[in-house]
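Reviewing the structure listed below.
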Amino acid sequence: MKTIMIHEMPDHVGETVRIGAWLSNKRSSGKIAFLQLRDGSGFVQGVVVKEVVGEEVFSKAKSLHQESSLYVTAEVTEDERSSFGVELQVKDVEIINDAVDYPITPKEHGTEFLMDHRHLWLRSRKQHAVMKIRDEIIRSTYEFFHMNGFVKIDPPILTGSSPEGTTELFHTKYFDEDAYLSQSGQLYMEAAAMALGKVFSFGPTFRAEKSKTRRHLIEFWMIEPEMAFVQHEESLEIQEQYVSHIVQSVLQNCPLELERLGRDLSKLEKIQAPFPRITYDDAIKFLHEKGFDDIEWGDDFGAPHETAIAENFDMPVFITHYPKDIKSFYMQPHPDRDDVVLCADLIAPEGYGEIIGGSERIYDYELMKQRIQDHNLDEAAYEWYLDLCKYGAVPHSGFGLGLERTVAWISGVEHVRETIPFPRLLNRLYP
Ligand code: 4AD
Ligand code: MG
């Protein structure tokens, strides 16, 4: 008999099938046992009736330990109450591995304990749902960019230059040279955009940030589109369409997962382009009106500022035109002002913070050279990047979306540590 998966069961009602599964929980009495089974594709209940299976199989089922692995042979029957609309009438149980004393029991555990057991914690219903939503965001990302004529490009992870400043770099030796783990693939993506027009990347990025907040990871994944001949305004339009697309895709394709997480769907259903825009200048004025006296023009926003701004909207909001001194060296100046740049951060609703940072890029050679010098960057390491301004430079824009913050927002989970399979945090490299 072929082994099938739980999500395929609705097509097998009335048949006897065999599944490979783990026991996530069980209840039993003298005559009947209810096995909560999971196989990665979903969860299903198996009913074991002593009179049907006989003494031997029934006592085996009754003695099963949580997270033991099994082959279960059973008839698939309809059951409207369950997530896939089916239940299993168990005929036989074969134990593959008896898991004794599984550490994560149905009782409550502290965060540190769960984080130490992340390799097992991933099996829980909540974590399963978050990983499925992460996967759907990745799938719909590729769908969106491929539908719109972008080419997927993979920038290097080991680099000799840094786009986002030099303080948060992970350093390593590259034989006799110095190398850094990539904080962003952007500069390479700019080179790729000059070759392929519209490109996007999806890969891990690393920041040695000493931040211990619910929004910061040391290793996180970024989606970085870069677009030749696209200027600031058009880039914002692509960003809002992209974010709307992934939210609507999760709503459509992950209803069971959103329900399991208790996500308020009405908040997600509203997320449709266009998104509101507010300039940095107006955001500062607004914060002063709200009584924030800890921030002045020229300062970067902290989490409480972003949250206060986002609270005015039930959509993500773009904050545009930041002061040039608090942004990266490569950002194109405003055409009429030399103190602000053509950039935007996209702030998610409900306090999830900045999910996108992006800008139009400088393409004038002299200006780029000046900015590299102003930022005390090692010119030799940026020689190739300056070539892009020399040989057929064009206006172009790009942005980076932080995957884990986006998963946190769409799933409604409090902390980014639950949005990546094995989080790398300040003070955590295990497991
Ligand atoms: O705003 P950032 O630093 O922008 C860049 O790196 C640009 N080079 C991207 C580009 O234009 N191609 O980072 C982009 C996004 C942030 O908006 C945030 O969502 C996420 O990456 N991010 C982090 N996520 C988790 N943990 C961290 N430590 C993060 N730092 C940034
Ligand atoms: Mg940023």
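Bear in mind that the values in this text are calculations on the coordinates, not laboratory data. What you are looking at is a predicted structure, and each value in this text was computed from that prediction instead of being measured. Quick reminder, even Gly has a Cβ in these numbers, built from the backbone with ideal geometry, and neighbours come from all protein chains shown.
Data table
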| quantity | calculated |
| --- | --- |
| 18 Å tail of the calculated P(r), segment 88-192, as % of Cα pairs | 73 |
| Helix-only mean residue ellipticity at 222 nm for the chain, each DSSP H run of n ≥ 4 adding -39500 (n - 2.57), per residue, nearest 500 | -9000 deg cm²/dmol |
| Net dipole in debye of the chain [+1 Lys, Arg Cβ; -1 Asp, Glu Cβ; about Cα centre; nearest 20] | 1680 |
| Sites K152 and V52 - FRET efficiency at Förster radius 56 Å, r taken between beta-carbons, to 0.05 | 0.60 |
| Cα-based reach from K173 at 23 Å (exclusive), listing lysines while leaving out same-chain residues under 8 positions away | K210 |
| Order by protection proxy (mean Cβ within 10 Å, highest first), peptides 93-106, 404-417 | 404-417, 93-106 |
| 4 °C / 1.567 mPa s Stokes-Einstein diffusion coefficient of segment 6-97, Kirkwood radius on C-alpha pairs, µm²/s | 101 |
| Two-decimal Rg/Rh across the chain, once Rg and the Kirkwood Rh are taken from alpha-carbon atoms | 1.06 |
| Amide H partners (placed H, <5 Å) of L425, local residues excluded | I218 |
| Loop-located trypsin sites (Lys or Arg not before Pro) in segment 65-173, at most 10 other Cβ atoms within 10 Å (DSSP) | R81, K107 |
| Centre separation in Å (Cα based) which lies between segment 389-427 and segment 236-264 | 16 |
| Set of segment 169-207 residues, backbone N closer than 11 Å to the point 7 Å along the Cα-Cβ line of A381 | 169-172, 178-183 |
| The chain - percent relative contact order, Cα under 8 Å, separation 6 or more | 13 |
| Summed side-chain charge close to G398 - residues other than G398 whose Cβ falls under 9 Å, Lys, Arg +1, Asp, Glu -1 | -3 |
| Dipole of the chain, positive direction: furthest Cα of H245, F313, G392, with charges on the beta-carbon | H245 |
| Dipole-positive endmost among P163, V48, Y365 within the chain (Cβ charges, Cα centre) | V48 |
| Coordinate range along principal axes, alpha carbons of segment 289-349, Å, largest first | 30, 26, 19 |
| Low-density loop cleavage sites - chymotrypsin sites (Phe, Trp or Tyr not before Pro) in segment 336-400, where at most 16 other Cβ are within 10 Å (DSSP) | Y391 |
